[in-house]
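Just below is one structure, and these are the notes that go with it.
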Amino acid sequence: GENVEQHPSTLSVQEGDSAVIKCTYSDSASNYFPWYKQELGKRPQLIIDIRSNVGEKKDQRIAVTLNKTAKHFSLHITETQPEDSAVYFCAAIEGLTGTASKLTFGTGTRLQVTL
Amino acid sequence: NAGVTQTPKFQVLKTGQSMTLQCAQDMNHNSMYWYRQDPGMGLRLIYYSASEGTTDKGEVPNGYNVSRLNKREFSLRLESAAPSQTSVYFCASSGRETQYFGPGTRLLVL
């Protein structure tokens, strides 16, 4: 099955700096890569996703890049703000069973934005 | 439109007790999922249901059973709870690739 590795496990940046979180995956057939943000005690919420037919996707201060050849994808957050502090999870789709998307998640990155 | 809802929010069980975690979605999604989240281990898939009437095992199914009651509801049952099942349980649903999560159930097994 799919295996997703995520680094770093913790990341501390100063407000206004950029943050980068990296993930690698093992299954070359994977074609969908979402990123979730989870605040303390809350549910994971989708913040951005990318499909394998594009190399980069942006949404305001958040961007995701995908390198299919190297089988890695990254989350970039620019101009970080205190409200960006959370745990971020990457995931890769293991496959579609009918309409079900089997996702494999990374182990998470705790991002802390300091003033 | 409540999205994905879960009950209860918090539960304490003694070893050997049983309980059922409830999940419902109002997004008309075909697929539903149960995950557990443990510190440092991300989200691990317990069971999923691709469509009404079907269920399949995920990565960590041992000790759990599920029921897809109808298109809206997907329940997770612990027949004989063990301390190793202390975790936060999340239900999710999807229409295609994108999964939407419920608020979670925090379970403590003593």
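The values are calculated or read from the model by the stated rules, or taken from the named source; none is laboratory data. Just so we're clear, the structure is a prediction, and the values are computed from it rather than from any experiment. Here the Cβ positions follow ideal geometry from the backbone for every residue, glycine too, while neighbour counts run over all protein chains shown.
Based on what the data block shows, is B:Ala81 out of contact with any Phe, Trp or Tyr (no Cβ under 7 Å at 6 or more places or on another chain), more than 9 Å from chain A (Cβ to nearest Cβ) and buried (at least 21 other Cβ atoms within 10 Å of the Cβ)?
Details: out of contact with any Phe, Trp or Tyr (no Cβ under 7 Å at 6 or more places or on another chain): yes; more than 9 Å from chain A (Cβ to nearest Cβ): yes; buried (at least 21 other Cβ atoms within 10 Å of the Cβ): yes.
The answer is yes for B:Ala81.
Within segment B:1-58, the set of residues being closer than 24 Å to A:Ala92 by Cα, among the basic types (Lys, Arg) and surrounded by fewer than 21 Cβ atoms within 10 Å (Cβ to Cβ) comprises B:Arg44, B:Lys57.
In segment A:1-28, the residues that are away from chain B (no Cβ under 14 Å) and free of Cβ contacts under 8 Å to residues at least 12 places away in the same chain never reach a residue that is among the hydroxyl-bearing types (Ser, Thr, Tyr) and surrounded by fewer than 13 Cβ atoms within 10 Å (Cβ to Cβ) with C-beta atoms less than 8 angstrom apart, at least six apart or across chains. Based on what the data block shows, is B:Val66 more than 8 Å from chain A (Cβ to nearest Cβ), buried (at least 16 other Cβ atoms within 10 Å of the Cβ) and under 30 Å from A:Pro8 (Cβ atoms)? For B:Val66, the condition - more than 8 Å from chain A (Cβ to nearest Cβ), buried (at least 16 other Cβ atoms within 10 Å of the Cβ) and under 30 Å from A:Pro8 (Cβ atoms) - is not met. Among strands (runs of 3 or more DSSP E) entirely within segment A:48-91, having at least 1 residues that are loosely packed, with under 13 Cβ neighbours inside 10 Å singles out A:56-59, A:62-67.
Can you pull out the residues in segment B:94-110 that are part of a strand (DSSP E or B) and more than 10 Å from chain A (Cβ to nearest Cβ)? Quick ask: steps written out before the conclusion?
Of all residues in segment B:94-110, those part of a strand (DSSP E or B) come to B:94, B:99-101, B:105-109.
Passing the criteria: B:Thr105, B:Leu107, B:Leu108, B:Val109.
Looking across segment B:84-93 at every residue that is of a type in the set (S, T, N, Q) and assigned to a strand (DSSP E or B), the one that is nearest to the other protein chains (Cβ to nearest Cβ) is identified as B:Ser93.
Could you check A:Ser12 against (1) surrounded by 14 or more Cβ atoms within 10 Å (Cβ to Cβ); (2) out of contact with any Asp or Glu (no Cβ under 6 Å at 6 or more places or on another chain); (3) not in a loop (DSSP other than H, G, I, E, B) and say which number it fails? The single condition A:Ser12 does not satisfy is (1). Criterion first (in contact with a Ser or Thr (Cβ under 7 Å, 6 or more places away or on another chain) and either at pLDDT below 95 or surrounded by fewer than 16 Cβ atoms within 10 Å (Cβ to Cβ) (or both)) does B:Glu97 satisfy it? Yes, satisfied.
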